[in-house]
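Take this structure first; my questions come after.
The values are calculated or read from the model by the stated rules, or taken from the named source; none is laboratory data. Not measured: the values here are computed from a predicted model. Neighbour counts run over all protein chains shown; Cβ positions are idealised from the backbone, glycine included. When the accessible area is computed, the model is the full protein with side chains, heavy atoms only, and any ligands, DNA or RNA have been set aside. Shrake-Rupley method; radii C 1.70, N 1.55, O 1.52, S 1.80 Å.
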Amino acid sequence: MKLYLAAAVLMLVLAVHTEAQEEPTLEQHFTKFGTQVKEIAEDLADKTKTAFQNIEQSEFGTKTRNWFNDQYEKLKQKMTETFN
C-alpha cells in the first residue's frame, strides 16, 4: 500500500512540475530574436572592422593608397600650372 501511495505522490509531483514549465511567450520569442540579431550584427561589425584593418595594413593597401596620393598630387600640380 505504501508503494502505491509513494508512486501516486511521485506522479502527482511530476505532473505539477511539468505544468509549471511554461512555453515561452511571443514577447520572449521576439526578445530572444532581437538579442540574436544584435549578436550577429556585432559579430559582423567586428569581422568587417578587422578585414578593413588587415587591408589597410597590407602591402596592397599601402601601395594603393600611395598610388592614389601620387595621382592626386600630380592632378593638383597640373591644375595649379594650368590655372595660374
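Consider residue 27 carefully, then state whether it is surrounded by fewer than 10 Cβ atoms within 10 Å (Cβ to Cβ) and in a loop (DSSP other than H, G, I, E, B).
no
If I filter region 62-74 down to residues being more than 17 Å from residue 52 (Cα to Cα) and open to solvent by 100 Å² or more (accessible area, probe 1.4 Å), which single residue comes out as farthest from the chain's Cα centre (by Cα)?
74
In addition: Look through 40, 55 and report the one residue that is in contact with a helix residue (DSSP H, G or I) (Cβ under 6 Å, 6 or more places away or on another chain), assigned to a helix (DSSP H, G or I) and surrounded by 10 or more Cβ atoms within 10 Å (Cβ to Cβ).
So the residue among 40, 55 that is in contact with a helix residue (DSSP H, G or I) (Cβ under 6 Å, 6 or more places away or on another chain), assigned to a helix (DSSP H, G or I) and surrounded by 10 or more Cβ atoms within 10 Å (Cβ to Cβ) is 55.
Being modelled with pLDDT under 90 and among the small types (Gly, Ala, Ser) is the filter here, so list the residues in region 19-78 that pass it.
Answer for region 19-78, where residues must be modelled with pLDDT under 90 and among the small types (Gly, Ala, Ser): 20, 61.
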